[in-house]
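Asker: Submitted below is the structure of interest, expressed as structure tokens.
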Amino acid sequence: MIETSKYDQMLALHNTNVKDSDVAAKVAGIIEKKVPENNTLEVKKFLMSCVELTTLKATDSEESVLRLTERINKFEDAYPTLPHVATICVYPCYAKIVSQSLEVEGVKVACVSGNFPSSQALIEVKTVETALALKDGATEIDIVMSVGKYLSGDYETLCDEISELKAICGENKMKVILETGLLPCTSDIMKASLLAMYAGADYIKTSTGKENPAATPEAAYVMCQAIKEYHDKTGIQIGFKPAGGLNTVHDALIYYTIVKEVLGEKWLTNQWFRLGTSRLANLLLSEVVGEEVRFF
């Protein structure tokens with residue numbers, strides 16, 4: 001008899017036979033029928049509070065990161081009736097400068113870690129980088145699932161890495177990026193989502209933004225279905241973060257609507273729903289105030 005791993009046994013408890021065509025049809029229906037009703041000022045204000053203002057460029061510097069942080073500090077004075085962003089997301093080498101200069105209560109310091117964006121490094125390197133980011137003031141950590149290990153069926157190593165990094169994070173929230181654009185089909189997105197959650201993810205996230213395609217509504221739909229199944233079986237609530245390729249306010253409304261339709265109102269807080277983007281904050285702000293603004 002062939003012995004199945006505990007991870008295969010876990011996956012067998014869930015419906016992972018997800019068909020791309022079925023997902024595409026369901027998403028098309030949601031976009032056509034449900035998105036228009038969420039195209040409101042109040043939803044756009046809420047979406048501003050979900051933004052993880054992100055700078056992950058090769059050209060980042062202490063000066064540029066500090067300038068971005070100072071814009072967050074000045075936002076409340078400029079727009080006192082609007083919500084501030086959820087986090088500022090940077091590389092670990094900038095965790096200290098952000099944590100020391102950020103003055104806005106409630107804004108988290110998120111760092112990508114674990115050899116972002118490829119995740120191709122020894123686990124010792126990943127754990128040290130994560131620990132240093134936390135030491136320097138990061139309050140949330142975004143890691144990338146080892147996609148190569150998933151594709152080769154090495155679920156044990158993949159999950160052990162996630163669990164070890166979550167142990168380093170402790171009470172700090174850890175988001176696991178699936179890099180859905182590199183997964184062959186929606187069934188794989190469902191499996192990867194479940195593996196990440198059972199291994200210790202506090203959030204699951206679509207993409208690094210460094211691969212194409214990045215976030216897609218279809219990937220988001222499947223990930224939210226996985227979160228729902230996991231919550232139904234365990235009672236544990238897991239957050240969701242689409243990231244990469246969020247170029248328009250309409251994109252943000254689509255992801256909001258998918259979360260609302262699949263997961264429900266319980267997930268519609270910025271504790272459980274985040275948007276990873278570097279450009280969307282200005283677009284949302286412009287629509288809310290009724291004129292083009294480039295504040296961030």
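Asker: Taking N as the number of residues in segment 101-200, what is its alpha-carbon radius of gyration divided by 2.2 N^0.38 Å? Don't skip to the answer; put the middle values down first.
Answerer: Details: Rg = 13.8 Å, N = 100, 2.2 N^0.38 = 12.7 Å.
My calculation over the Cα atoms of segment 101-200 gives 1.09.
Asker: With every protein chain left in place, what is the accessible area per residue of the chain in square angstrom, probe 1.4 Å?
Answerer: 44
Asker: Subtracting the Cα-Cα distance from 0.36 nm times the residue separation, let me have the gained length for Y79 to K6 in nm, one decimal.
Answerer: 21.2 nm
Asker: Moving on. Name the residue from N39, L13, S61 whose Cα lies farthest towards the positive end of the charge dipole of segment 1-82, charges +1 on Cβ of Lys and Arg and -1 on Cβ of Asp and Glu.
Answerer: N39
Asker: Sticking with this one: Ranked from highest to lowest mean number of other Cβ atoms within 10 Å per residue, what is the order of the peptides 288-296, 233-241?
Answerer: 233-241, 288-296
Asker: Taking a point 7 angstrom from the Cα of K57 along the C-beta vector, which residues in segment 239-272 have backbone N less than 18 Å away?
Answerer: Only 244-248 fall inside the zone, counting backbone N under 18 Å.
Asker: Considering only C-alpha atoms, what is the centroid distance from segment 1-58 to segment 237-296, in Å?
Answerer: Measuring centre to centre over Cα atoms gives 13 Å.
Asker: Net charge near P184, counting Lys/Arg +1 and Asp/Glu -1 over other residues with Cβ under 14 Å of its Cβ?
Answerer: Residues near P184 contribute -3 overall.
Asker: Mind checking the log10 I(q)/I(0) for the chain at q = 0.08 Å⁻¹? Debye, one equal scatterer per Cα, no solvent, two decimals.
Answerer: With no solvent term, the Cα-only Debye profile gives -0.32.
Asker: Could you calculate the FRET efficiency of C185 with K266 from 1/(1 + (r/R0)^6), where r is the beta carbon distance between them and R0 is 25 Å, rounded to 0.05?
Answerer: The pair C185/K266 has a calculated efficiency of 0.30.
Asker: How big is the dipole moment of segment 111-254 about its Cα centre under a simple scheme where the beta carbon of each Lys and Arg is +1, that of each Asp and Glu is -1, and everything else is neutral? Debye, nearest 20, please.
Answerer: On the way: 12 positive and 19 negative charges, 45 e Å.
Its charge dipole is roughly 220 debye.
Asker: Apply the membrane-span-like helix rule to the chain: whole DSSP H runs, Cα extent along the own long axis of at least 15 Å, mean Kyte-Doolittle hydropathy at least 0.0. List the helices found.
Answerer: Those that clear 15 Å and a mean of 0.0 are 20-33, 123-135, 155-169, 186-199, 249-262.
Asker: With all protein chains present, how much of the accessible area of the chain (probe radius 1.4 Å) comes from carbon and sulfur, to the nearest whole percent?
Answerer: Carbon-and-sulfur percentage of accessible area, whole number: 49.
Asker: Sort 118-130, 198-210 by the packing proxy (mean of other Cβ within 10 Å over each peptide's residues), most packed first.
Answerer: 198-210, 118-130
Asker: Can you tell me which of A131, A78, A86 moves the most in a GNM of the chain? Springs connect C-alpha atoms under 10 Å apart.
Answerer: Comparing A131, A78, A86 in the GNM, the peak value goes to A78.
Asker: With no solvent and one point per C-alpha, what does the Debye sum give as log10 I(q)/I(0) for segment 101-156 at q = 0.18 Å⁻¹?
Answerer: These q points yield log10 I(q)/I(0) values of -0.65.
Asker: Another question, if that's okay. Could I have the simple spin-label model distance between S152 and Q100, label points 7 Å from Cα toward Cβ, reported in nm to one decimal?
Answerer: Label at S152, label at Q100, 4.1 nm between them.
Asker: At 222 nm, what helix-only mean residue ellipticity would the chain give, in deg cm²/dmol to the nearest 500, using -39500 (n - 2.57) for each DSSP H run of four or more?
Answerer: Computed mean residue ellipticity for the chain: -15000 deg cm²/dmol.
The values are calculated or read from the model by the stated rules, or taken from the named source; none is laboratory data. A quick note: this is a predicted structure, and the numbers were derived from the prediction, not measured. Counting neighbours? That spans all protein chains shown, and the Cβs are built from the backbone with ideal geometry, glycine included. Heads up: the accessible areas ignore ligands, DNA and RNA and are worked out on the full protein's heavy atoms, side chains in. Shrake-Rupley method; radii C 1.70, N 1.55, O 1.52, S 1.80 Å.
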